[in-house]
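Below is one structure, written out as structure tokens; the observations come after it.
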Amino acid sequence: MVDSSARAARLARAAELTTEEKASLTSGASFWESQAVDRVGIPSIYLTDGPHGVRKQREGGDHLGIGDSVPATCFPPAVALGSSWDPELLERVGVALGQEAKAEGVGVLLGPGINIKRSPLCGRNFEYLSEDPIISGRLGAALVRGLQSQGVGASLKHFAANNQETDRLRVSADVDERPLREIYLRGFQHVVEHAQPWTVMCSYNRINGVYASENPWLLTSVLRDEWGFEGLVVSDWGAVNDRVQALVAGLDLEMPSSGGVTDAQLVAAVADGSLDEAVLDRAADRVIDLVQKAVDGADASASYDADAHHALAREVAGRSVVLLKNDGVLPLRAEAGRRIAVIGEFARTPRYQGAGSSQIVPTRLDNALDELRALAGDAELSFAAGYVIDGDGDAEALTSEAVSVAEAADDVVVFLGLPAADESEGFDREHIELPAAQVDLLEAVLAANPRVTVVLSNGGVVRVSGWADRAAALVEGWLLGQAGGGAIADVLFGVVNPSGRLAETIPLRIEDTASYLNFPGEKGHVRYGEGLFVGYRDFDARGAAVSFPFGHGLSYTTFEYGEVEAVAGDDGGIRVTVEVRNTGDRDGREVVQVYVSVPASAVQRPVRELKGFANVAVAAGASQTVTVELAAEDLAYYDIDRQAWTLEGGEYVVTVGSSSRDLRGSATVTLPGDGVAAPLTVESTLGEWLNHPVGGPLLGGALAQAAGAEGIGAMLSDPGLRRMAESIPLIRAARFPGSPVTDEQLDQLVAAANAR
Ligand code: BGC
């Protein structure tokens with residue numbers, strides 16, 4: 001047992017270190033370790049992937065350690081966790097990850113990844129939670145809390161606007177400030193403000209032309225000055241472009257080791273006066289703080305219960321499965337005489353995580369076929385592979401075997417999905433299609449027996465239009481981690497009543513998605529031309545058809561909603577209350593989703609946006625009163641004129657739904673808002689003046705005194721001309737011949753309008 005307090009006490013502050021020692025401290029010693037300074041007793045700490053398991057490289061493994069790491073529980077990847085819509089569950093996963101990391105001597109686990117799923121094509125969507133920042137922020141914060149409760153640090157990644165893999169080390173994400181703040185940074189802001197991750201990992205890409213690793217606006221003004229981040233910024237592995245600039249911008253730790261090359265650049269810059277040594281001290285101090293936290297959290301005797309974690313992985317996977325459609329064929333019946341056909345290689349050979357740096361070597365691996373057999377009781381279960389995952393194989397023979405198995409069955413379950421090679425870190429997908437051979441197989445099976453349940457295994461959404469309407473049931477099984485096979489069996493046999501909800505829309509076609517024409521960009525730039533309208537925000541604004549909407553997911557029971565009540569909350573937000581009744585005969589979970597619209601907003605807003613949710617267990621026949629607090633910070637929009645968040649006063653329409661398109665009731669509440677309006681200037685239009693609570697009456701008064709005068713006063717009093725006049729800036733109007741407003745009056749007006 002390490003005496004952590006004694007070790008911590010030995011840790012020196014930057015002031016006691018030489019410039020060379022400080023420079024070395026702010027970069028890695030190896031691929032995964034920070035640099036030690038033995039002279040003053042600073043040990044090195046171990047950082048490793050992440051996010052859904054501990055990927056600790058084996059001694060002597062290749063430098064990336066992918067596929068050759070110490071076995072660890074492979075929990076469901078983020079794509080599945082996001083569908084649980086349950087922060088409490090993610091916190092438990094975080095605790096378990098923390099225990100495993102601690103048992104392996106890992107001080108920082110590199111996750112969670114909470115980038116927004118801007119396009120279904122992003123190759124790394126399986127590592128991200130949602131297309132919505134409220135979900136990403138809530139769930140990300142819960143995972144960080146759980147992990148850090150065990151004395152292991154999180155690394156919130158990839159900060160920021162890393163929404164594609166194409167050209168990820170160079171591409172500039174060109175994003176306007178409102179979508180950047182309201183969509184792409186909002187989740188990060190929530191996690192930082194509510195869970196204080198020990199580290200934030202800056203991404204590889206550039207944002208509006210500037211590398212994240214050397215972006216002072218991002219790493220210092222926003223992250224630290226605005227959000228109050230107290231931890232350390234670490235580079236993504238190899239993300240540093242210019243070490244000196246990065247340090248100045250707020251990048252504290254470069255990973256992995258540069259072999260001392262960039263450390264020497266820091267030392268030289270201090271020596272020639274181009275780098276203030278205080279900047280290096282600051283970064284070195286943050287590294288020392290991180291080392292100290294890791295040392296305090298370490299426990300050489302720590303271990304974990306692999307069986308219990310496997311059971312947790314199964315529970316979480318079961319809670320992440322989304323039942324998209326059910327014509328009544330599910331749950332399957334484990335009864336004597338019942339013949340169930342299981343078709344598809346994925347039932348036997350599970351795809352349970354994505355490829356790249358997050359790839360865990362699992363402690364064990366369930367497959368759905370064995371687990372279905374285990375739960376089938378007296379039912380008779382037959383299997384046909386139907387296809388070979390990599391597309392090889394005799395399609396005709398495989399199909400005819402599958403068809404004969406289907407013909408002889410009462411129920412058919414077909415497992416389809418994406419081969420591992422189709423989606424990975426490092427490149428994007430080019431389409432969202434399932435392999436053609438699998439779709440052909442499904443068609444043949446559907447023709448033989450219509451009682452087909454399709455179970456999908458995929459990290460990014462796949463197109464289901466074209467056949468989903470003919471399947472009797474459809475289960476979105478995502479990538480469910482090492483216990484996913486058991487979880488699928490639990491859901492299919494009704495041991496678990498499904499409660500997962502889509503955290504991303506399933507479009508009819510990839511061409512329908514908002515970013516389609518702006519993904520993945522070209523010549524080093526990707527333009528986020530769709531602005532705020534990402535995912536359901538876009539589909540709902542255009543009233544466009546989708547295969548399955550955001551928030552959708554069925555249960556084996558049904559829920560009814562009572563009247564929605566919404567009142568202004570104490571903190572400037574809104575308190576929403578609604579009664580939810582389980583009207584079926586099974587216990588179940590409902591995810592109550594609260595969407596908000598601001599019809600009279602001064603700025604463009606999506607038709608409705610998720611602002612809060614609650615995940616509640618309701619027993620069969622029981623009712624529960626659900627309260628969801630919508631925080632003022634989540635209701636605010638980012639005012640680009642004032643460069644500040646603004647909570648508008650006025651009417652907020654609160655709509656409660658079971659998906660973004662299954663809306664069950666709404667209520668309207670009037671909020672006072674924060675009373676902050678953009679200052680009026682002589683450049684503000686007459687319309688802006690007249691709509692302003694102080695400026696309006698002032699200008700109105702000035703014009704009334706000059707009623708009947710020629711020019712602008714006359715235009716404003718003519719209903720036919722008024723709208724045209726409203727777009728004229730005050731200064732231009734004041735210069736019209738016959739204007740009733742003098743320059744002096746203008747100055748007085750502006751001063752009076754902005755006086756508070
Ligand atoms: C990935 C990170 C990962 C790191 C270390 C990078 O390529 O983007 O997510 O944590 O490698 O493996």
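The values are calculated or read from the model by the stated rules, or taken from the named source; none is laboratory data. In this text, all values refer to a predicted model and were calculated from it rather than measured experimentally. Virtual Cβ from ideal backbone geometry, glycine too; neighbours counted across all protein chains shown. Surface areas here come from the heavy atoms of the whole protein model, side chains and all, with no ligands, DNA or RNA. Shrake-Rupley method; radii C 1.70, N 1.55, O 1.52, S 1.80 Å.
This table checks each residue for (1) of a type in the set (Ser, Thr, Tyr); (2) under 20 Å from ASP299 (Cβ atoms); (3) more than 12 Å from the ligand (Cβ to nearest atom); (4) not assigned by TED's automatic domain parsing to the domain that holds GLY531.
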residue: ASN115; (1), (2), (3), (4): no, no, no, yes
residue: SER119; (1), (2), (3), (4): yes, no, yes, yes
residue: ARG124; (1), (2), (3), (4): no, no, no, yes
residue: ILE135; (1), (2), (3), (4): no, no, yes, yes
residue: ARG138; (1), (2), (3), (4): no, no, yes, yes
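Within region 407-425, restricting attention to residues that are charged (D, E, K, R) and not in a loop (DSSP other than H, G, I, E, B), which residue is nearest to ILE488 (Cα to Cα)? It would help to see each step written out before you state the result.
So in region 407-425, the residues charged (D, E, K, R) come out as 407, 410-411, 422-423, 425.
From what is left, the residues that are not in a loop (DSSP other than H, G, I, E, B) are 407, 411, 422.
Numbers: GLU407: 23, ASP411: 16, ASP422: 22 Å.
Only one residue tops the list, namely ASP411.
Tell me, which residue of region 240-289 that is within 16 Å of the ligand (Cβ to nearest atom) and hydrophobic (A, V, I, L, M, F, W, C) is nearest to VAL210 (Cα to Cα)?
Looking at residues that are within 16 Å of the ligand (Cβ to nearest atom) and hydrophobic (A, V, I, L, M, F, W, C), I get VAL240.
If you check ALA487, ALA471, which single one turns out to be aliphatic (A, V, I, L, M) and in contact with a strand residue (DSSP E or B) (Cβ under 8 Å, 6 or more places away or on another chain)?
Working: ALA487 fails: in contact with a strand residue (DSSP E or B) (Cβ under 8 Å, 6 or more places away or on another chain).
Checking each option against the conditions leaves just ALA471.
In region 155-179, how many are open to solvent by 30 Å² or more (accessible area, probe 1.4 Å), part of a loop (DSSP other than H, G, I, E, B) and more than 13 Å from the ligand (Cβ to nearest atom)?
4
Looking only at helices (runs of 4 or more DSSP H) that fall completely inside region 674-756, which ones have 1 or more residues that are modelled with pLDDT of 85 or more and open to solvent by less than 40 Å² (accessible area, probe 1.4 Å)?
On the way: elements: 686-691, 695-705, 712-717, 719-726, 730-734, 743-754.
Of the helices (runs of 4 or more DSSP H) lying wholly inside region 674-756, those with at least 1 residues that are modelled with pLDDT of 85 or more and open to solvent by less than 40 Å² (accessible area, probe 1.4 Å) span 686-691, 695-705, 719-726, 730-734, 743-754.
Go through region 384-395 and give me each residue that's open to solvent by less than 40 Å² (accessible area, probe 1.4 Å) and not in a loop (DSSP other than H, G, I, E, B).
If the condition is that a residue be open to solvent by less than 40 Å² (accessible area, probe 1.4 Å) and not in a loop (DSSP other than H, G, I, E, B), then ALA384 is the only one that fits.
Would you please list the contacts, defined by Cβ atoms under 7 Å and residues six or more apart or on different chains, that run from a residue in region 198-217 that is closer than 10 Å to LEU251 by Cα to a residue that is small (Gly, Ala, Ser) and more than 14 Å from the ligand (Cβ to nearest atom)?
VAL200/GLY231; SER213/ALA246; GLU214/ALA246; GLU214/ALA249; ASN215/ALA249; PRO216/ALA249; PRO216/GLY250
Check ILE432 against each of (1) at pLDDT 95 or above; (2) surrounded by fewer than 17 Cβ atoms within 10 Å (Cβ to Cβ) and name the one condition it does not meet.
For ILE432, the exception is condition (2).
Do you know which of the residues in region 86-113 that are under 26 Å from PRO498 (Cα atoms) and of a type outside the set (A, V, I, L, M) is farthest from the ligand (Cβ to nearest atom)? Reasoning before the result, please.
Just the residues of region 86-113 that are under 26 Å from PRO498 (Cα atoms), to begin with: 86-97, 112-113.
Filter again for of a type outside the set (A, V, I, L, M), leaving 86-88, 91-92, 94, 112-113.
Numbers: ASP86: 24, PRO87: 22, GLU88: 26, GLU91: 21, ARG92: 23, GLY94: 17, PRO112: 10, GLY113: 6 Å.
Only one residue tops the list, namely GLU88.
Please enumerate the residues belonging to region 589-610 that are buried (at least 21 other Cβ atoms within 10 Å of the Cβ) and either assigned to a strand (DSSP E or B) or in contact with a Leu (Cβ under 7 Å, 6 or more places away or on another chain) (or both).
Matches in region 589-610: ARG589, GLU590, VAL591, VAL592, GLN593, VAL594, TYR595, VAL596, PRO606, GLU609, LEU610.
Sort through ARG364, ARG351, ARG333, ARG373 and tell me the only one that's touching a residue at least 40 places away in the same chain (Cβ under 8 Å), out of contact with any helix residue (DSSP H, G or I) (no Cβ under 8 Å at 6 or more places or on another chain), away from the ligand (no atom under 16 Å from the Cβ) and among the basic types (Lys, Arg). Lay out the reasoning, then the answer.
Numbers: ARG364 fails: out of contact with any helix residue (DSSP H, G or I) (no Cβ under 8 Å at 6 or more places or on another chain); ARG351 fails: out of contact with any helix residue (DSSP H, G or I) (no Cβ under 8 Å at 6 or more places or on another chain); ARG373 fails: touching a residue at least 40 places away in the same chain (Cβ under 8 Å).
From the options ARG364, ARG351, ARG333, ARG373, the qualifying one is ARG333.
Is it true that LEU398 is away from the ligand (no atom under 16 Å from the Cβ), crowded, with 18+ Cβ neighbours inside 10 Å and free of Cβ contacts under 8 Å to residues at least 40 places away in the same chain?
Details: away from the ligand (no atom under 16 Å from the Cβ): yes; crowded, with 18+ Cβ neighbours inside 10 Å: yes; free of Cβ contacts under 8 Å to residues at least 40 places away in the same chain: no.
Judged against the criteria, LEU398 is not a match.
Please determine whether any residue of region 573-588 is touching a helix residue (DSSP H, G or I) at 6+ places or on another chain (Cβ under 6 Å), surrounded by 17 or more Cβ atoms within 10 Å (Cβ to Cβ) and touching a residue at least 60 places away in the same chain (Cβ under 8 Å). Quick ask: steps written out before the conclusion?
Taking region 573-588 as the starting set, the residues that turn out to be touching a helix residue (DSSP H, G or I) at 6+ places or on another chain (Cβ under 6 Å) are 573.
With surrounded by 17 or more Cβ atoms within 10 Å (Cβ to Cβ) added as a condition, the list becomes 573.
Of the ones still in play, those that are also touching a residue at least 60 places away in the same chain (Cβ under 8 Å) are 573.
The answer is yes; a qualifying residue exists.
Is it fair to say VAL316 is under 31 Å from the mean Cα position of the chain (by Cα) and part of a helix (DSSP H, G or I)? Give the derivation first.
Values: under 31 Å from the mean Cα position of the chain (by Cα): yes; part of a helix (DSSP H, G or I): yes.
Yes: the conditions hold for VAL316.
Give the number of residues within region 494-518 that are farther than 26 Å from ALA614 by Cα and either open to solvent by 50 Å² or more (accessible area, probe 1.4 Å) or out of contact with any Asp or Glu (no Cβ under 8 Å at 6 or more places or on another chain) (or both).
Just the residues of region 494-518 that are farther than 26 Å from ALA614 by Cα, to begin with: 508-518.
Now narrow it down to the ones that are either open to solvent by 50 Å² or more (accessible area, probe 1.4 Å) or out of contact with any Asp or Glu (no Cβ under 8 Å at 6 or more places or on another chain) (or both): 508-512, 516-518.
Matching residues across region 494-518 total 8.
Being surrounded by 24 or more Cβ atoms within 10 Å (Cβ to Cβ) and either within 22 Å of TYR638 (Cα to Cα) or within 14 Å of the ligand (Cβ to nearest atom) (or both) is the filter here; which residues of region 187-198 pass it?
Residues of region 187-198 that are surrounded by 24 or more Cβ atoms within 10 Å (Cβ to Cβ), as a first pass: 187-188, 191-192, 197-198.
Selection gives GLY187, PHE188, VAL191, VAL192, PRO197.
Taking interchain pairs and intrachain pairs at least six residues apart, which have beta carbon atoms under 6 angstrom, with the first residue in region 149-165 and over 17 Å from GLN196 (Cα atoms) and the second within 11 Å of the ligand (Cβ to nearest atom)?
Close Cβ pairs (under 6 Å, with a partner that is within 11 Å of the ligand (Cβ to nearest atom)) amount to ASN162/ASN115; ASN162/SER203; ASN162/ASN205; ASN163/ASN115; GLU165/ARG124; GLU165/GLY426.
Going through SER83, SER30, SER24, SER34 one at a time, which residue ends up being within 13 Å of the ligand (Cβ to nearest atom) and outside the structural domain of SER658 (by TED's automatic domain parsing)?
Working: SER83 fails: within 13 Å of the ligand (Cβ to nearest atom); SER24 fails: within 13 Å of the ligand (Cβ to nearest atom); SER34 fails: within 13 Å of the ligand (Cβ to nearest atom).
That would be SER30, the only listed residue that is within 13 Å of the ligand (Cβ to nearest atom) and outside the structural domain of SER658 (by TED's automatic domain parsing).
Applying the selection to region 343-382, what residues are open to solvent by less than 40 Å² (accessible area, probe 1.4 Å), at pLDDT 95 or above and assigned to a strand (DSSP E or B)?
ILE343, PRO362, LEU381 - these are the residues of region 343-382 that are open to solvent by less than 40 Å² (accessible area, probe 1.4 Å), at pLDDT 95 or above and assigned to a strand (DSSP E or B).
Determine whether VAL439 is out of contact with any Pro (no Cβ under 7 Å at 6 or more places or on another chain), closer than 20 Å to LEU508 by Cβ and aliphatic (A, V, I, L, M).
Working: out of contact with any Pro (no Cβ under 7 Å at 6 or more places or on another chain): yes; closer than 20 Å to LEU508 by Cβ: yes; aliphatic (A, V, I, L, M): yes.
Here the answer is yes, as VAL439 does meet what is asked.
Restricting to region 207-239, give me the number of residues that are within 16 Å of the ligand (Cβ to nearest atom), part of a loop (DSSP other than H, G, I, E, B) and touching a Cys at 6+ places or on another chain (Cβ under 9 Å).
2
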